[in-house]
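The values are calculated or read from the model by the stated rules, or taken from the named source; none is laboratory data. In this text, all values refer to a predicted model and were calculated from it rather than measured experimentally. For neighbour counting, all protein chains shown are included, and Cβ atoms are generated from backbone atoms with ideal geometry for every residue, glycine included.
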Amino acid sequence: MGVITYDVETPSPISAEKLYKAVVLDADNLIPKIMPQAINKVEIVEGDGGVGTIKVIHFGEGSEYKSVKHRVDAIDKDNLTYTYSIIEGDALSGLLESITYHIKVVPTEDGGSICKNRSIYNTKEGAEISEEKIKEGKDNALHMFKAIEAYLIANPDY
């Protein structure tokens, strides 16, 4: 099995606590509301939302994929961190065992924040992931992040 890791840091004018709430704690409800073409619904199939919870993410009509299983690996509300893994689904394209994401939201001196995301692609033996596919994943994640950010700016009382 091979491993491909990349890090992305995205600055935001939104406070760290508010961004964490939207991107992590409320994402299952917020993203289908503001981007139904990307994610139609999220359902918990096992657990209570904490570590070990298994969710099925149903993608919207605008997606090339139907669904994935998402496992909550770690959540630390005090330190604004969250780790989850995609463990099943067509988005793994038969090439990946899993994808693990580590998210950390860090406050900045100006009242905003930086969202740090480490993505770890665990490939199946002999499988290779193109740079284009990785770039596509990064672009999709940034697009979703920017949509959440725009929603928070437009809804300051969120």
* Neighbours by Cβ (under 7 Å, 6+ apart or cross-chain): first from region 129-157, over 22 Å from GLU97 (Cα atoms) and among the acidic types (Asp, Glu); second surrounded by 13 or more Cβ atoms within 10 Å (Cβ to Cβ) and at pLDDT 90 or above -> GLU149/SER12; GLU149/ILE14
* Structure fact -> All conditions in (1) crowded, with 16+ Cβ neighbours inside 10 Å; (2) without any contact (Cβ under 8 Å) to a residue 40 or more places away in the chain are true of THR123 except (2)
* If a residue has to be assigned to a loop (DSSP other than H, G, I, E, B) and either basic (Lys, Arg) or under 18 Å from THR83 (Cα atoms) (or both) to count, how many in region 120-157 make the cut? -> 1
* Could you list, in sequence order, the residues of region 105-158 that are within 15 Å of the chain's Cα centre (by Cα) and acidic (Asp, Glu)? -> GLU136, ASP139, GLU149
* Structure fact -> Here the residues within region 138-149 that are aliphatic (A, V, I, L, M) and out of contact with any helix residue (DSSP H, G or I) (no Cβ under 8 Å at 6 or more places or on another chain) are ALA141, LEU142
* **Tally of residues being β-branched (Val, Ile, Thr) and touching a Ser or Thr at 6+ places or on another chain (Cβ under 7 Å) across region 6-22** => 1
* region 22-50 - residue that is among the β-branched types (Val, Ile, Thr) and touching a strand residue (DSSP E or B) at 6+ places or on another chain (Cβ under 8 Å) and, of those, nearest to LEU80 (Cα to Cα) -> VAL24
